Amino acid sequence: MNLDDFRRLDPKRIGSWPALPKLLVLGAVFVLAIGGAYWFDWQTQLEEIEGAQKKESELRNTFIEKKKVAIDLEAYRQQLADIEKSFGTLLRQLPGKSEMDALLTDINQAGLGRGLQFELFKPAATESAADFYAELPINIRVTGSYHDIGAFASDVAKLSRIVLLNDVNITPGKDGGLSMDAVAKTYRYLDEDEISKQRKTAKGAAKK
């Protein structure tokens, strides 16, 4: 069939058309029906299916992650116990309020035991409080030989309580000796009343 044959077809008598035009019309109707069904119905369903598949994948990943956590729960508990034990060990290295005087004496004795002369030993007037501990800086100046000053620093580091030497400055002193200026920072743990007061102060500051 040529183009003229198609033009002569009567749309009102489709039943009498040759096979080829009938097939073309049926094909066009089929394509339109499929397109309409997709546009008005299937598209939404496919989007819902895609969303459900995505949610299923997310739930599967969540399940796998929680399963891993459940499997490793005992290991996590052991790690937590180890951390708490380590924290307790560190905490025991911090003196209480009643032990601070003894610690200051230990620092002083560490210098005197090495033959050093204290020209300054001045604890700060106030402590700097953190979550569960307080920091007390002590300005010190000692004079002596290089070896004795080094031994003093080593002795301070070996104290059973935590003492850190900061802002160390060594200059030539008298009679060929040396003079060391430093800030020795000591720490103590806060008792329950002090921790409670500290938290109330922090909450009050946060509300302002």
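The values are calculated or read from the model by the stated rules, or taken from the named source; none is laboratory data. If you're wondering where the values come from, they're calculated on a predicted model, not measured in any experiment. Because the Cβ atoms are built from the backbone with ideal geometry, glycine has one as well, and the counts that use them run over all protein chains shown.
Inspect all residues belonging to segment 168-181 and state whether any of them is outside any helix (DSSP H, G or I), touching a strand residue (DSSP E or B) at 6+ places or on another chain (Cβ under 8 Å), of a type in the set (S, T, N, Q) and under 16 Å from LEU136 (Cα atoms). Checked against the condition, which is being outside any helix (DSSP H, G or I), touching a strand residue (DSSP E or B) at 6+ places or on another chain (Cβ under 8 Å), of a type in the set (S, T, N, Q) and under 16 Å from LEU136 (Cα atoms), segment 168-181 yields no hits at all.
With LEU23, LEU9 as the choices, which residue is more than 49 Å from the chain's Cα centre (by Cα) and at pLDDT 70 or above? Exactly one residue qualifies, and that residue is LEU23.
For segment 43-58, the criterion of being exposed (fewer than 11 other Cβ atoms within 10 Å of the Cβ), at pLDDT 70 or above and within 24 Å of the chain's Cα centre (by Cα) is met by no residue.
Conditions (1) modelled with pLDDT of 90 or more; (2) out of contact with any helix residue (DSSP H, G or I) (no Cβ under 6 Å at 6 or more places or on another chain); (3) not in a strand (DSSP E or B), marked per residue:
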position: LEU104; (1), (2), (3): no, yes, yes
position: GLN109; (1), (2), (3): yes, yes, yes
position: ASP131; (1), (2), (3): no, yes, yes
position: ALA134; (1), (2), (3): no, yes, no
position: PRO137; (1), (2), (3): yes, yes, no
position: THR143; (1), (2), (3): yes, yes, no
position: GLY150; (1), (2), (3): yes, yes, yes
position: VAL156; (1), (2), (3): yes, no, yes
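Residue count for segment 102-118 satisfying the condition of being of a type in the set (A, V, I, L, M) and without any contact (Cβ under 8 Å) to a residue 12 or more places away in the chain: 2. Looking at segment 165-184, which of its residues are at pLDDT below 90 and surrounded by 11 or more Cβ atoms within 10 Å (Cβ to Cβ)? Hits for segment 165-184 are GLY173, GLY177. Tallying residues that are under 16 Å from LYS122 (Cα atoms) and acidic (Asp, Glu) within segment 150-167 yields 1.
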